[in-house]
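**Q** Got a structure for you, written out below as C-alpha cells; questions coming shortly.
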Amino acid sequence: MLPASPRRWLPPYLAGLLAMGLLLSFAALQDYRRAGGRHAWEPFLWEFSSIVMVGLLALALHQLVGRLRGRPWTQQLPALLLAALLFNLLHVAGMFGLRLAVYAGAGLDYQPDPLPELLLYEGAKDLVAFGFLLLASRGFWAAQAAAAQAQELERTRRELAEARLARLAEQVQPHFLFNSLNLISSLMYEDVERADRLLCELAGLLRASLAAQEQGEHTLEAELALVQPFLNLMQARFGAERLLVQIDADAEARACRLPALLLLAPVENAIKHDVARHAGLVRVRLQALRRADQLCLQLDNDGVREAPPVDGGLGLRNLRERLQARYGVAAQVEFGPAEGLMRLRITIPQGV
C-alpha cells in the first residue's frame, strides 16, 4: 500500500527516476561517443527504457511486499522467488519492446544480443536491482509501521491524559461539596433562614460548576464567576468581621485560559481552614496577571503562618496533578510561607 495521496509521493518518485535516468544516460553517452556512435539519443533510450520498466515494476513489488508482511517465510520465499523471475522477464520484455518501437519509428534497425545471452546478462543486473528494491520496500513498510505505532501510542497517551484530567476534575466537586455542606450544617440549629440561603447559593454554584466541568477549560473570567458565588457563600457563613476577600485581575489576565474549577479548591482551603484556625480577621487576596505567554496567579492569606504539609494536602496534590497532566513541566505550583503569610503561586502557560 502506497501513501494515501499520489500527489504526495508521485512527484518525488518521478523526479528520482528522472535524475537516475539522466545520470546513467550521460555516463553511457561518454562511452558511446568513444565507440564512434552516431546518434546521441541512443544512450538515453537505452537507459530510460530500463528505468521506466524498473520504476513500474518497483511499484508492483512494493505492493507485493506489503501483502506478504506478517506471513511466515515459508510462504514469503516462494512468492519472492517467483516475483524475481517475473521481474526479470517483464523488465527485459518491456525494455526491449520500448527500444524496438523507438528504433522502428526512427527507421533504424536494432539488433539486440541473442536471447539466452540477453537473459543471462540482464538477469544478473535484475537480481541485484530486485534485491535492492526488496530491501528498500521492506524498510519503507517497517518505517511506516513504526510511524503508525508511534501515532497509536501518542493517541493512547492523549486519551489516558484526558481520562486522568477528567478523573482529577471529578474529584474537585465532591471534595468541595462535602466541605460546603459541613459548613452549612453547622448553621442548621443556629439560623435556619441563613442556612437555607446558603443552600440556595450552593445549589446555584453547583449547577454552574457542573457546566464548567463539562467544558474542561475556560477563561479566568469564567473561573472567577464561579469563585465569586463561593466567596459570597463563605462571607455569609463567617461574616465580614472574620473574612475579607480581595480579587485583583485585569482584563488581559481574565482573558487567559485555564482548566475549569482549578481555583475553587485552593480558595476554599485558604478560607475554610484558615478562618477556622484563626480567631481574628483573615485576609485572602487573589491576584492574576499575564506575563508574556504565562498566566500568573497568586493566592495570599494571613490566617495560618505555620509550615504547610510536605505535599500541601489533598487539594494541592489534586491541583498539581491536574496541571502536570495538562501542561507537564510548563506549569508551576509553589506553596509555603512568604512575607508573614501563606502564599500559593500558580504559573500556567498560554497557547498550549
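**Q** Return the whole-Å distance between the Cα centroid of the range 198-261 and the Cα centroid of the range 63-98.
**A** If you average the Cα positions of each part, the centres end up 69 Å apart.
**Q** Also, quick follow-up: Would you mind counting up the charge near residue 188? Only other residues with Cβ under 10 Å from its Cβ, with Lys and Arg at +1 and Asp and Glu at -1.
**A** -2
**Q** Give me the percent of DSSP beta bridges within the chain that run antiparallel, rounded to the nearest 5. The partial results should precede the final answer.
**A** On the way: 26 of 33 bridges.
Of the beta bridges lying entirely in the chain, close to 80 percent run antiparallel.
**Q** May I pose another question? Using the Cα centre of the chain as the reference point, and only Cβ charges (+1 on K/R, -1 on D/E), how large is the resulting charge dipole? Debye, rounded to the nearest 20.
**A** Charge dipole of the chain: 560 debye, to the nearest 20.
**Q** Would you indicate which of [x] 115, 43, 35; [y] 71, 48, 41; [z] 178, 48, 38 is the value of Cα extents along the principal axes in Å derived from the coordinates of this structure?
**A** [x]
**Q** Between residue 338 and residues 5 or more places away or on another chain, which pairs have amide H atoms under 5 Å apart, with H built 1.01 Å from N, and which residues are they?
**A** Amide H neighbours of residue 338: 343.
**Q** Provide the FRET efficiency to the nearest 0.05 for the residue 101-residue 152 pair, computing r from the beta carbons and using R0 = 45 Å.
**A** 0.40
**Q** Please report the carbon-and-sulfur percent of the accessible area for the chain; probe 1.4 Å, protein heavy atoms only, DNA, RNA and ligands left out.
**A** That fraction is 61 percent.
**Q** Full extension from residue 127 to residue 324: what is 0.36 nm times the residue separation minus their Cα-Cα distance, to one decimal in nm?
**A** Roughly 65.3 nm would be gained on extension.
**Q** Computed FRET efficiency, Cβ-Cβ of residue 247 and residue 13, R0 45 Å: what is it to the nearest 0.05? Please list the in-between numbers first.
**A** Numbers: r = 62 Å, r/R0 = 1.37.
Here the calculated transfer efficiency is 0.15.
**Q** GNM on the chain, C-alpha springs below 10 Å: top fluctuator among 33, 291, 242?
**A** Looking only at 33, 291, 242, the biggest GNM fluctuation is shown by 33.
**Q** Moving on to the next point. Counting each DSSP H run of 4 or more residues in the chain as -39500 (n - 2.57), what helix-only mean residue ellipticity at 222 nm follows after dividing by all residues, to the nearest 500 deg cm²/dmol?
**A** Working: 9 runs with 238 residues, N = 352.
After summing the helix terms and dividing by the residues of the chain, the value is -24000 deg cm²/dmol.
**Q** Points 7 angstrom from Cα along the Cβ direction at residue 136 and residue 210: gap in nanometres?
**A** 6.3
**Q** Could you report the chain's accessible area per residue, 1.4 Å probe, as an integer in Å²?
**A** On the way: 20090 Å² over 352 residues.
Per-residue value: 57 Å².
The values are calculated or read from the model by the stated rules, or taken from the named source; none is laboratory data. Since this is a predicted model, take the numbers as computed values, not measurements. Methodologically, a virtual Cβ is constructed for each residue, glycine included, from the backbone with ideal geometry; neighbour enumeration extends over all protein chains shown. Surface areas here come from the heavy atoms of the whole protein model, side chains and all, with no ligands, DNA or RNA. Shrake-Rupley method; radii C 1.70, N 1.55, O 1.52, S 1.80 Å.
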